[in-house]
Amino acid sequence: MLRAGLMTLSLAWIGLSGIQAQQLSRQSQFVQNPFLVNPAFAGTELGTFASISHREQWVGFNGAPSTSNVTLTSSLPNRFGVGFTVERDDQGGAYSRTGMELSGTYTIDLNNQDAVAFGIGLMGRNTAFDGTDLELWTPDDPAITGARESSFAFDSRFGLMVFGEYYQFGLAVSNLLQTPLGLESEPTGRRNRGVRHYALTGRYDYALDNNWVVQPAIMMRFTEITPIQLDLHARALFQNRYWGGLGFRQGDALILMAGMAFQDIQVGYSYDAGTGAVGNLSPNTHEITVSYVLPRRGAGFSSRGMGGRLLDRNLIIRN
């Protein structure tokens with residue numbers, strides 16, 4: 001009971017007085033579904049890419065954070081693409097966010113092997129805070145009214161991605177408009193806002209032989225008022241069907257990853273062993289992602305994958 005109360009209080013503090021920190025959900029398997037990080041991914045595969053993922057954080061706490069999302073991206077004629085996602089992000093029971101996003105992309109060929117994609121997304125999010133069942137150190141805290149609050153707002157994000165058959169580098173900016181969240185943080189009526197989040201990602205596929213590929217990946221995330229958080233990952237893929245890997249998230253967790261592909265279906269699992277302060281009480285975080293690629297009729301794919309399978313640039317140039 002004490003742990004639950006302390007965690008709820010800390011999450012309430014994060015959700016209200018500290019909401020200017022990281023406001024977006026976190027994914028350990030960002031390589032398997034890059035669209036969750038960067039909208040420019042939509043349409044960079046010759047077909048339709050669908051993914052479902054669920055993340056359970058700090059397992060063992062009552063009301064621990066959890067995130068679920070469903071994404072769908074598809075390539076369109078004339079180098080356009082479209083993406084759609086629905087997400088439910090419960091950050092500890094008291095504070096939650098439900099939203100959806102519709103994104104459009106356009107790809108420009110740089111040469112026969114490389115291209116750059118631009119993406120823009122419009123997001124609608126409902127942010128809710130339930131202060132009716134909090135255990136507070138200070139019962140008369142003016143920042144916690146003890147009421148239920150809910151507000152809907154629009155925002156947007158932008159991304160670009162330079163990629164080829166064996167690599168990809170991307171930049172994404174979320175909360176472009178910094179729309180007010182609509183939750184009253186103090187009796188004065190001052191409103192919290194979304195803060196711009198920046199994400200730099202990169203990945204390279206290095207073939208050891210005909211069977212083995214090593215895939216290092218990196219993600220750097222930061223806001224205008226918070227320091228950089230670094231994710232370093234490395235996967236080993238066997239025959240492009242089975243993989244395992246290790247990851248490190250600065251100041252937060254060590255990550256173990258494994259997965260397999262069966263025809264056009266991929267299943268990935270990651271386990272985060274927390275290294276931060278909360279990890280001393282509950283280091284266990286689980287995340288599972290199931291992806292499916294439906295190729296466009298007559299299209300071909302490269303044997304190497306970004307999330308599902310990266311398109312062959314030689315094919316799209318002639319498309």
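The values are calculated or read from the model by the stated rules, or taken from the named source; none is laboratory data. This structure is a prediction, so every number in the text was calculated from the model and none was measured. Cβ placement follows ideal geometry from the backbone for every residue including glycine, while neighbour counts extend to all protein chains displayed.
Being at pLDDT 90 or above and aliphatic (A, V, I, L, M) is the filter here, so list the residues in the stretch 140-175 that pass it. Correct list: Leu160, Met161, Val162, Leu171, Ala172, Val173.
For Ile19, the test of being at pLDDT below 85 and part of a helix (DSSP H, G or I) is failed.
Restricting to the stretch 91-101, name every residue that is among the aliphatic types (A, V, I, L, M) and either over 15 Å from the mean Cα position of the chain (by Cα) or buried (at least 23 other Cβ atoms within 10 Å of the Cβ) (or both). Of everything in the stretch 91-101, just one residue is among the aliphatic types (A, V, I, L, M) and either over 15 Å from the mean Cα position of the chain (by Cα) or buried (at least 23 other Cβ atoms within 10 Å of the Cβ) (or both), namely Ala94. The condition of being surrounded by 15 or more Cβ atoms within 10 Å (Cβ to Cβ), over 15 Å from the mean Cα position of the chain (by Cα) and farther than 26 Å from Glu56 by Cβ holds for only one of Asp205, Asp252, Asp209, that being Asp205. The residues of the stretch 239-252 that are touching a residue at least 60 places away in the same chain (Cβ under 8 Å) and either within 15 Å of Tyr269 (Cβ to Cβ) or among the acidic types (Asp, Glu) (or both) amount to a single one, Gly247. A search for C-beta distances below 6 Å between a residue of the stretch 91-109 that is acidic (Asp, Glu) and any residue that is surrounded by fewer than 19 Cβ atoms within 10 Å (Cβ to Cβ) and not in a strand (DSSP E or B), counting only pairs 6+ apart in sequence or on different chains, returns Asp109/Ile317.
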